[in-house]
1. Here are some conditions: (1) within 19 Å of residue B:25 (Cα to Cα); (2) surrounded by 18 or more Cβ atoms within 10 Å (Cβ to Cβ); (3) more than 9 Å from chain A (Cβ to nearest Cβ). Residue B:53 meets all but one. Which one does it not meet?
2. Among the listed residues A:148, A:144, identify the single one that is in contact with a helix residue (DSSP H, G or I) (Cβ under 6 Å, 6 or more places away or on another chain), touching a residue at least 60 places away in the same chain (Cβ under 8 Å) and in the same structural domain as residue A:286 (by TED's automatic domain parsing).
3. Can you pull out every residue in segment B:94-113 that is in a helix (DSSP H, G or I) and surrounded by 15 or more Cβ atoms within 10 Å (Cβ to Cβ)?
4. Looking at B:116, B:80 in this structure, which one is facing chain A (nearest Cβ under 8 Å) and surrounded by fewer than 18 Cβ atoms within 10 Å (Cβ to Cβ)?
5. Taking residue A:104, is it within 13 Å of chain B (Cβ to nearest Cβ), more than 19 Å from the chain's Cα centre (by Cα), modelled with pLDDT under 95 and farther than 25 Å from residue A:318 by Cβ?
6. Please determine whether any residue of segment A:160-183 is crowded, with 18+ Cβ neighbours inside 10 Å and under 22 Å from the mean Cα position of the chain (by Cα).
7. Within segment A:59-66, is even one residue away from chain B (no Cβ under 14 Å) and either at pLDDT 95 or above or in a helix (DSSP H, G or I) (or both)?
8. Quick one: which residue in A:195, A:214 is under 30 Å from residue A:1 (Cβ atoms) and in contact with a strand residue (DSSP E or B) (Cβ under 9 Å, 6 or more places away or on another chain)?
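The values are calculated or read from the model by the stated rules, or taken from the named source; none is laboratory data. Computed from a predicted structure; not experimentally measured. No Cβ is skipped: glycine too gets one built from the backbone with ideal geometry, and neighbour counts run over all protein chains shown.
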């Protein structure tokens, strides 16, 4: 289970960073999910292996333009990708209105259905391989985080136990492995006793703008990777003013440490912090307060939660073709 | 006077081409103009020397998304550029509504005024250094071309004539050069008799989607460079069907030849024609019907109309920084 950063800039694009967008996918499965869709997110997707044809759902964190202005173009291009299966969009009601306004203006004839709903209604909705849940955050406008809880996990047979109990191999082995209970020689065998998950569910949370990390308290237990904005250094946020409704590096790092979150991906940086060496001060402030696995987002970066539930960076930026 | 192609793809962006956008500028003056603003036009502008601070007007050709979905993000970013002077947007009424909807959704507080008007109302409007006029075209939806007629041209003194008439030098020389009539030794000297334009006004037309080149008849005389879509080769357009409302390479090339337009920049190519070698068939079809100066658009390409009124390509693509 991976997240690929499509945009890590706050407010406005820079030469090195686009505005917000995060792709959640698994290497072995085609459906994928998009959190936020700032302008030119579809352009960033062209630099990945992902296709609009297999995009299953878009989840928008809040209505600010740097998180949603890419929706009309991306949806229109999905219409040109040949897809006919529905596309789910979860977004605040005003963002859904914005999509409808764009569609009406340009007289779209989408060859697929748009399934529109709001984050408030997203309570552990099951998608192809993941259950997604929303969590309200604190910002100048209603903002949400999305929790991805992996549900599609292959099972392994407990061969030793089966052999020990002299249960011979046969088609019932496959059924037990798929999680089905079977009858063998007149005896009922429960799948849960003879097979087990090949790995534990991986859990990731991707947040919109949020000045109050503790908003995440209700959903944070068991999370393996938290993706959260750190728009400013603490001192800079103090100068800019708390009216912005943003977090700073210290605040979110301290929260992640307190909650023992094993991995933290900071993102949504103010344009004042240049990629590369400009990140050092952010790293310093973060590591002062957070002692576990830390990543600072760059566009194209992929962070994977392994089946051992450890997060690692598997790609630092887009690979030029 | 130059045009820089910011996007040359029709419908959807590709890895090599963005959707429509054209910057019109002069090297010696700061104000510039943008025709069309497909998604990620502001990202393309980051690859040029142009700044949103000095953008004087945006002119949208029609309401299809690939020509206008970049407006909300670009205008929002202009708000972050520190500008306080007004920005003119000329666009079909529904596009102006789309901008208003985006502004209302994201709760913008723009630090400058947006001056919104429609193309129908644009009859030789004077901007800083150019007069712009709209021309209705023929497409599936109302579409327009924009004619740029240079008005800010320095004047030269006819020194020989002044000397021949024994008019001594003095402050009246400067005034005559600026185009002011003066009184010298009790005699009125008309500026038009003693100074002249340093070069003739340069004229460029940039068009939206258009299936009927002759729509340009009312404004085409004297044009030095025509920028026009050539979405398909003639045979391909025949296969795709005329319902698309587009021109093909043959149609627009033959029109430009008939009207003796000295330079033609073809653009807005279907994604089926790859940049580079994929362009050869388009070049072949164009040169079969048009024998003058031909350019095929690439993103980042700059075409300049020199003061001798001849067009030349001064840059083939974006220069990587």
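1. (2) is the only condition that residue B:53 fails.
2. Working: A:148 fails: in contact with a helix residue (DSSP H, G or I) (Cβ under 6 Å, 6 or more places away or on another chain).
That would be A:144, the only listed residue that is in contact with a helix residue (DSSP H, G or I) (Cβ under 6 Å, 6 or more places away or on another chain), touching a residue at least 60 places away in the same chain (Cβ under 8 Å) and in the same structural domain as residue A:286 (by TED's automatic domain parsing).
3. B:94, B:95, B:96, B:97, B:98, B:99, B:101, B:102, B:103, B:105, B:106
4. Numbers: B:116 fails: facing chain A (nearest Cβ under 8 Å).
Unique residue meeting the criteria: B:80.
5. Numbers: within 13 Å of chain B (Cβ to nearest Cβ): yes; more than 19 Å from the chain's Cα centre (by Cα): yes; modelled with pLDDT under 95: yes; farther than 25 Å from residue A:318 by Cβ: yes.
Against the criterion (within 13 Å of chain B (Cβ to nearest Cβ), more than 19 Å from the chain's Cα centre (by Cα), modelled with pLDDT under 95 and farther than 25 Å from residue A:318 by Cβ), residue A:104 qualifies.
6. no
7. If we filter segment A:59-66 for residues that are away from chain B (no Cβ under 14 Å), which is where we start, we get A:59.
Retained after the next criterion (residues that are either at pLDDT 95 or above or in a helix (DSSP H, G or I) (or both)): A:59.
Yes, some residue in segment A:59-66 is away from chain B (no Cβ under 14 Å) and either at pLDDT 95 or above or in a helix (DSSP H, G or I) (or both).
8. Values: A:214 fails: in contact with a strand residue (DSSP E or B) (Cβ under 9 Å, 6 or more places away or on another chain).
It is A:195.
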